[in-house]
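First up is the structure itself, then whatever we jot down about it.
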Amino acid sequence: MFRAMPELAEVEYFRRQWDAGIGYRILKVALHSSKRVFRGTNTRALREELVGARMLISEARGKRMLFRFSNENWLGLHLGMSGRMQTAVTDFRPQKHDHLVLYQRGRALVFTDARQFGRVQFHHGKDGPGWWENGVPEIVSEKFDRRFLDRFLNRHRKAPVKAVILMQSGFSGIGNWMGDEILWRARILPSKRAGRLNAGAHDQLFRATKFVARESLRIIGPDDSKLPRSWLIHERWRDVGKCPRHRTLLRRATIGGRTTAWCPTCQR
Ligand SMILES: [Zn+2]
């Protein structure tokens, strides 16, 4: 379904798959306790505490998710590079990469991660887990405002703007395809140093970031229906991808360690 590493919108999509289990108890837990996705996590406690607990609510922040259960239990999931979540039948048999399965009456909640850059964390306690609070504002929240963006760009003024908007400490949940989409919409050259953007560019970057985050969440979040044809994403994977605005051939280069696509006509 998704070709890329999970970003804000894909995370929202997967979170909603598991939300089918809200209100139901966990009857059984199957997990691969020695796998890297459980690094630093007490899998015995996870299994003992979650069996019998009811899933209450979920929340997403950037690329991370938190599921709250009854009896003061919290489960954190990070999808890393290749993480996936789905609901499956009650007699689901975990395969090699299905590292965590929560069985409920009526369904199984499955976490799959072939490359294991993802992570499963568990916390038992009245207050939420310390690792959940990181102080980074969600892009769609009011806390992500012009002042925050200006200060973040200034702090990283020597880096190419593409690299800056991939930093999770400022642009929570933005990954490679959303980053390219934002810069294309804002008409900013990805390799330009963040410190060289003028006030007008800050304005455009701010608006484009809010727009791409909000629209991606709205469109991809609830289901996997398609983003509008006018978006860059449909072209950026193709061998001869063209700018949706005026059909100029897209250029590609590695910026901030990631393959970046841009239009040489609208992004100068
Ligand atoms: Zn263009």
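Numbers for the structure displayed
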| quantity | calculated |
| --- | --- |
| One residue from 237, 231 being of a type in the set (Phe, Trp, Tyr), assigned by TED's automatic domain parsing to the domain that holds residue 152 and within 15 Å of the ligand (Cβ to nearest atom) | 231 |
| Residue that is of a type outside the set (Lys, Arg) and either within 16 Å of the ligand (Cβ to nearest atom) or surrounded by fewer than 14 Cβ atoms within 10 Å (Cβ to Cβ) (or both), where the choices are 194, 186, 163, 213 | 186 |
| Residue count, region 247-261 (criterion: away from the ligand (no atom under 13 Å from the Cβ) and under 29 Å from residue 137 (Cβ atoms)) | 7 |
| Checklist (1) assigned to a loop (DSSP other than H, G, I, E, B); (2) among the hydrophobic types (A, V, I, L, M, F, W, C); (3) under 27 Å from residue 14 (Cα atoms); (4) in contact with a helix residue (DSSP H, G or I) (Cβ under 8 Å, 6 or more places away or on another chain) applied to residue 189, failing item | (3) |
| Every residue from region 194-216 that is of a type outside the set (Val, Ile, Thr), closer than 17 Å to residue 151 by Cα and out of contact with any Lys or Arg (no Cβ under 6 Å at 6 or more places or on another chain) | 196, 197, 198, 199, 200, 201, 202, 203, 204, 205, 207, 210 |
| Residue satisfying condition, being within 16 Å of the ligand (Cβ to nearest atom), farther than 15 Å from residue 7 by Cβ and surrounded by 16 or more Cβ atoms within 10 Å (Cβ to Cβ), within set 264, 244 | 244 |
| Close pairs (7 angstrom Cβ cut-off, 6 or more residues apart or separate chains): of a type in the set (D, E, K, R) in region 227-245, more than 13 Å from the ligand (Cβ to nearest atom) and not in a loop (DSSP other than H, G, I, E, B) anywhere | 236/177 |
| Qualifying residue in region 181-195 (condition: assigned by TED's automatic domain parsing to the domain that holds residue 249 and either among the acidic types (Asp, Glu) or under 14 Å from the mean Cα position of the chain (by Cα) (or both)) | yes |
| Within region 248-261, considering residues that are buried (at least 17 other Cβ atoms within 10 Å of the Cβ) and closer than 17 Å to residue 234 by Cα, the one nearest to the chain's Cα centre (by Cα) | 260 |
| Residue match in region 104-121 (condition: under 15 Å from residue 18 (Cα atoms), at pLDDT 95 or above and surrounded by fewer than 18 Cβ atoms within 10 Å (Cβ to Cβ)) | yes |
| Hits in region 192-225 (condition: farther than 20 Å from residue 255 by Cα, among the hydrophobic types (A, V, I, L, M, F, W, C) and part of a loop (DSSP other than H, G, I, E, B)) | 220 |
| Single match in 12, 59 (criterion: in contact with a helix residue (DSSP H, G or I) (Cβ under 6 Å, 6 or more places away or on another chain), assigned by TED's automatic domain parsing to the domain that holds residue 107 and under 30 Å from residue 213 (Cβ atoms)) | 12 |
| Single condition residue 144 does not satisfy, out of (1) out of contact with any Asp or Glu (no Cβ under 7 Å at 6 or more places or on another chain); (2) assigned to a loop (DSSP other than H, G, I, E, B) | (1) |
| Residue in region 178-185 that is under 18 Å from residue 232 (Cβ atoms) and assigned to a loop (DSSP other than H, G, I, E, B) present | no |
| Conditions (1) surrounded by fewer than 18 Cβ atoms within 10 Å (Cβ to Cβ); (2) part of a loop (DSSP other than H, G, I, E, B): number failed by residue 174 | (1) |
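The values are calculated or read from the model by the stated rules, or taken from the named source; none is laboratory data. For clarity, every value in this text was computed on a predicted model and none was experimentally measured. Here Cβ is always computed from backbone atoms with ideal geometry, including for glycine, and neighbour counts include all displayed protein chains.
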